[in-house]
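Novice: Can you read through this structure? Questions will come right after.
The values are calculated or read from the model by the stated rules, or taken from the named source; none is laboratory data. Note that the structure is predicted; figures quoted are calculated from it, not measured. Cβ sites come from the backbone with ideal geometry, for glycine too, and all protein chains shown count toward neighbours.
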Amino acid sequence: MGSILDESEIKGNGGLKSLTSLSRGELVTIQFINDDFFKSDLPRKFNIKIYSNKTIFELIREVALVVKTTWDEIKLLTIKNVEIKQKDNGKSISEMKIKSGATLSVNKRKVAPIKEAELIINGIINPLAVNAFKYIFS
């Protein structure tokens, strides 16, 4: 049962919050070291202020905005180089024992590229799209 719950929160928590996340929590400042997304217009180090009742998933989304990428490409590591697992996305910052002043490393997670296909070819809807829509809406 525990592994099912862990697996269900890999892509976020669907907006559901744990009971500890319902209280406001304290405002914490977390420092990030940008290891993989460093470009000329992105900071090497940055801080994010967030309430400790927010989930790891919400924190990752905030980090993704700063480094200008999608949340699923973000991998966070503690200062001891321990990865914050995707199964912990639904846990609050306080549950993960991340305190104000903590430093986390931002790395790039390898994700499979999403295949793209034309929806309309020569004015006709792509047969693959028709099959997909029939499958989705049947």
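Novice: Given the structure, is ILE84 modelled with pLDDT of 90 or more, more than 16 Å from the chain's Cα centre (by Cα) and among the aliphatic types (A, V, I, L, M)?
Specialist: Working: modelled with pLDDT of 90 or more: yes; more than 16 Å from the chain's Cα centre (by Cα): no; among the aliphatic types (A, V, I, L, M): yes.
Here the answer is no, as ILE84 does not meet what is asked.
Novice: Let me ask another. Could you list all residues from region 52-93 that are in a loop (DSSP other than H, G, I, E, B), aliphatic (A, V, I, L, M) and surrounded by fewer than 19 Cβ atoms within 10 Å (Cβ to Cβ)?
Specialist: Within region 52-93, the subset in a loop (DSSP other than H, G, I, E, B) is 52-54, 68-70, 79-82, 84-85, 89-91, 93.
With the extra rule that they be aliphatic (A, V, I, L, M), the set shrinks to 79, 82, 84, 93.
Those that are in a loop (DSSP other than H, G, I, E, B), aliphatic (A, V, I, L, M) and surrounded by fewer than 19 Cβ atoms within 10 Å (Cβ to Cβ): ILE79, VAL82.
Novice: Continuing with this model, one more query. Could you check how many residues of region 27-44 are modelled with pLDDT under 80, surrounded by 14 or more Cβ atoms within 10 Å (Cβ to Cβ) and either within 26 Å of SER94 (Cβ to Cβ) or β-branched (Val, Ile, Thr) (or both)?
Specialist: Total meeting the criteria: 0.
Novice: Output the number of the condition that GLY101 fails; it satisfies all remaining conditions of (1) small (Gly, Ala, Ser); (2) at pLDDT 90 or above; (3) surrounded by 12 or more Cβ atoms within 10 Å (Cβ to Cβ).
Specialist: So GLY101 meets the others, but not (3).
Novice: Is there any pair with a first residue in region 33-62 that is in contact (Cβ under 8 Å) with a residue 12 or more places away in the chain and closer than 21 Å to ASN81 by Cβ and a second that is among the acidic types (Asp, Glu) and not in a loop (DSSP other than H, G, I, E, B) whose Cβ atoms are under 8 Å apart and which are 6 or more apart or on different chains, and what are they?
Specialist: ILE48/GLU62; ILE56/ASP88
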